[in-house]
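Written out below as structure tokens is the structure these notes cover.
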Amino acid sequence: EKGQFEHFMLKEIHEQPLTLRNTMLGRINDRDEVSFPELAHAAGAFKDVDKIFIVACGTAYHAGLVGSTIIEKLTRIPVQSDIASEFRYRDPIITDRTLVIVVSQSGETADTLAALHESRRNGAKILAITNVPTSSIARDADYVIATKAGPEIAVASTKAYTAQLLAFYLFSIYLAQERQTLGKELHSELVKGLKTLPVQVEKVLENADEVKLFAESIKEAKSLFFIGRGLDYPVALEGSLKLKEISYIHSEAYAAGEMKHGTLALIEKGTPVIALATHMDLYEKTVSNIKEVKARGAHVMGITVEGNVELLNAVDEICFIPPSLQLLAPILAVVPLQLISYYASLALGNDIDKPRNLAKSVTVE
Ligand code: F6R
């Protein structure tokens, strides 16, 4: 079943061009409008929504962090992302104009399901983004958007995560269409950009050599840092989780501007830092933060957009991702991070598809 691949994780990483295509299929018409056949019964249902919560765990939570920025940007509805095991117990302010979006690959995560039930009791509308349309979470939600990633076998989530991101982009455009908050030009640029992503992910996968070498070089590291600003920050969180999960190397993700408020003290000569700099609005600021860690001896792998060759002067190693709208960059930027965690774990000889202490589906609270 793994075919040419040594592990399910690597197979699933390489399936992403296909799973992204499948998740887009039938949801963008020839006028570039986004529609979800499965939301046909939802016409007008989101018109009076004045607050959105996105609730999930782990990797799905990281997808929600990106989702919240995108929805706010395109619709101007306030959105807050929460960890399901916290949201349930903090008495969030929910009314009948609140939309709660729960995100779950398996659709069975106990805390996410409980947060759904709690939100329902308080009168919220519930939208589930899930990879398993027959799951408990899908059954108990009012509306369901299926990610079409296909079965994910490796414990570490990869293709489900990028499918969740794509579902958020599509849903944000859908909501913005309903509320007429998205200008024509950005709308068509976004749709064009989404359609280009599968080919661009293929390109990232083809150019994996530098990241592979870098991954092998960190296997002795005792700690690593991921930094980024804007949307690069949730991507950094996801990269760090992935690395911890399968390589067992300690790492932390920081909003790049936060490093100097304490964590910079941990940078020593040779500490590996993975710096994401895909946000062109914030590029100069991120480069200053890279220089700050470099000056303390960090060994920096920069991840940026093709064309930013001058970043070579500030980093030790570099990985380029193809140019896209910066809003869409998370789908491209996470791929080298998935590969870094995979190849670091491979070099360490770990059980990649079944990391210690973890289960694929977390049905206990
Ligand atoms: C990490 C990972 C977990 C899951 C989390 C939620 O690679 O897979 O962090 O994302 O346990 O699971 P689902 O999405 O099934 O609710």
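The values are calculated or read from the model by the stated rules, or taken from the named source; none is laboratory data. Being a predicted model, the structure only gives us computed values, none of them experimental. For neighbour counting, all protein chains shown are included, and Cβ atoms are generated from backbone atoms with ideal geometry for every residue, glycine included. Note: areas computed on protein heavy atoms with side chains; ligands, DNA, RNA excluded. Shrake-Rupley method; radii C 1.70, N 1.55, O 1.52, S 1.80 Å.
I want to verify a result. In a Gaussian network model of the chain, Cα cutoff 10 Å, which of these has the top mean-square fluctuation: Glu220, Glu12, Glu245? Maximum fluctuation in the GNM of the chain, among the listed residues, is at Glu220.
Calculated on C-alpha atoms, the gyration radius of the chain divided by its Kirkwood radius gives an Rg/Rh of 0.96. Rounded to the nearest 20, the Cβ-based charge dipole of region 271-320 about its Cα centre (Lys and Arg +1, Asp and Glu -1) stands at 220 debye. With every protein chain in place and a 1.4 angstrom probe, the accessible-area ranking of Ser119, Ser106, largest first, reads Ser106, Ser119. Taken about its Cα centre, the chain carries a charge dipole of roughly 360 debye when the Cβ of each Lys and Arg holds +1 and the Cβ of each Asp and Glu holds -1.
The mean of 1/r over all pairs of different alpha-carbon atoms in region 1-118, once inverted, gives a Kirkwood hydrodynamic radius of 16.5 Å. Each Lys or Arg adds one and each Asp or Glu takes one away; over the other residues whose Cβ falls under 11 Å from the Cβ of Val362, this sums to -2. Taking all Cα pairs closer than 8 Å and separated by 6 or more residues, the relative contact order of region 220-365 comes to 26 percent. Based on protein heavy atoms only, the chain ends up with 41 Å² per residue of surface accessible to a 1.4 Å probe.
Mean-square fluctuations from a GNM of the chain, with a 10 angstrom spring cutoff on Cα atoms, peak among Asn289, Asn207, Asn131 at Asn207.
In degrees from 0 to 90, rounded to the nearest 10, what is the angle of the helix 184-206 Cα long axis to the longest principal axis of the chain? Value to nearest ten degrees: 40. Under the combined filter of DSSP loop state and at most 16 neighbouring Cβ atoms within 10 Å, region 82-182 retains these trypsin sites (Lys or Arg not before Pro): Arg90, Arg97.
Based on alpha carbons, the Rg and Dmax found for region 167-243 are 17.4, 52 Å. When the solvent-accessible area of the chain is split by element, carbon and sulfur atoms take up 51 percent of it, the probe being 1.4 Å. Summing Lys and Arg as +1 and Asp and Glu as -1 over all other residues whose Cβ lies under 14 Å from the Cβ of Met259 gives a net charge of +1. The mean sequence distance of close C-alpha pairs (under 8 Å, at least 6 residues apart), as a share of the length of the chain, puts its relative contact order at 19 percent. Extension gain for the segment Arg21 to Gln180, taken as residue separation times 0.36 nm less the Cα-Cα distance, is 54.6 nm to one decimal. Helix content alone sets the calculated 222 nm mean residue ellipticity of the chain: runs of n ≥ 4 DSSP H residues at -39500 (n - 2.57) each, divided across all residues, give -13500 deg cm²/dmol. Rounded to the nearest 10 square angstrom, Asp281 shows an accessible area of 120 square angstrom against a 1.4 Å probe. Neighbours of Leu348 by Cβ distance under 15 Å: Lys/Arg scored +1, Asp/Glu scored -1, total +1. Projected label points at Ala40 and Asp142, each 7 Å from Cα along the beta carbon direction, are separated by 2.0 nanometres. Shown here for region 213-315: trypsin sites (Lys or Arg not before Pro) in loop regions (DSSP other than H, G, I, E, B) with at most 13 other Cβ atoms within 10 Å, namely Lys222, Lys269.
Around the Cα centre of region 235-365, unit charges on the Cβ atoms of Lys, Arg, Asp and Glu (plus for the first two, minus for the last two) sum to a dipole of about 260 debye. Most mobile of Glu258, Glu202, Glu152 per a Gaussian network model of the chain (Cα springs, under 10 Å)? Judging by the Gaussian network model, the answer is Glu258.
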